[in-house]
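As structure tokens, the structure follows; a few thoughts come after it.
The values are calculated or read from the model by the stated rules, or taken from the named source; none is laboratory data. Everything numeric in this text was worked out from a predicted model, so none of it was measured. Neighbour counts are summed over all protein chains in view; Cβ atoms, including those assigned to glycine, are modelled from backbone coordinates with ideal geometry.
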Amino acid sequence: MQKIVIASNNQGKIKEFQDIFAKYNIEIIPQSQLNVPEPEEPFETFVENSLLKARHCSKYTGLPSLADDSGLCVDILGGEPGVFSARYAGTPKSDQKNIDKLLKAMQNKTNKDAYFYCSLVFVRHHKDPQPIIADGVFNGQITQEQKGDNGHGYDPIFLVKEYQKTAAELDPETKNKISHRGIAIEELIKKLKLSNLI
């Protein structure tokens with residue numbers, strides 16, 4: 001297995017996957033390179049959305065596909081923005097508008113606990129009866145102001161308590177080890193190895 005299509009157009013995510021899979025001599029190809037249209041994400045769970053995206057991408061390309069559905073869940077907001085994280089402030093998608101909306105929602109809230117969740121699904125082909133599923137959780141808190149230039153999405157307002165830095169202030173290598181996506185990828189790699197796929 002030398003090539004995997006990633007069912008994403010998010011440049012930050014694509015770079016993370018390319019960096020991690022490069023050491024296994026696996027080329028991660030963004031779906032946009034193969035003109036795969038983005039499907040609707042009609043479900044209210046991360047795993048259902050990631051499975052749908054992986055099958056959709058594989059069907060269009062005829063290649064193995066990897067899809068990630070992830071988002072930020074804030075405890076005091078009942079898990080919002082959750083599966084709607086990318087479009088929290090509406091469309092077109094805007095990281096800054098999403099951050100602004102969340103900071104406004106968090107004003108006067110005492111409980112700042114939140115976590116990023118990632119569901120990763122790998123399919124060998126679009127009818128794969130046994131998709132490989134992995135997930136990861138990254139705990140932290142919502143800050144009151146933005147800090148840091150690394151990362152993407154909500155990273156500038158997500159405080160990683162053990163480092164006393166936002167996710168956007170961490171260097172990419174550290175973040176890749178401890179993030180929801182990093183944890184999910186590590187679990188996925190183990191499962192791919194057990195299945196003799198890498």
Quiz item: Going by the conditions given, is G62 small (G, A, S), closer than 28 Å to K127 by Cα and surrounded by fewer than 16 Cβ atoms within 10 Å (Cβ to Cβ)?
Solution: yes
Exercise. Keeping to segment 84-101, report how many residues are closer than 27 Å to I185 by Cα, among the hydrophobic types (A, V, I, L, M, F, W, C) and either modelled with pLDDT of 95 or more or assigned to a loop (DSSP other than H, G, I, E, B) (or both).
Key: 1
Exercise. Go through (1) buried (at least 17 other Cβ atoms within 10 Å of the Cβ); (2) assigned to a helix (DSSP H, G or I); (3) within 15 Å of the chain's Cα centre (by Cα) and name the single condition C118 misses.
Key: (2)
Quiz prompt | Selected residue (criterion: modelled with the lowest pLDDT) from residues of segment 155-186 that are acidic (D, E) and surrounded by fewer than 17 Cβ atoms within 10 Å (Cβ to Cβ) | solution = E173
Practice problem: Would you be able to say whether some residue in segment 122-132 is more than 30 Å from L63 (Cβ to Cβ), under 19 Å from the mean Cα position of the chain (by Cα), among the aromatic types (F, W, Y) and modelled with pLDDT of 95 or more? | Solution: no
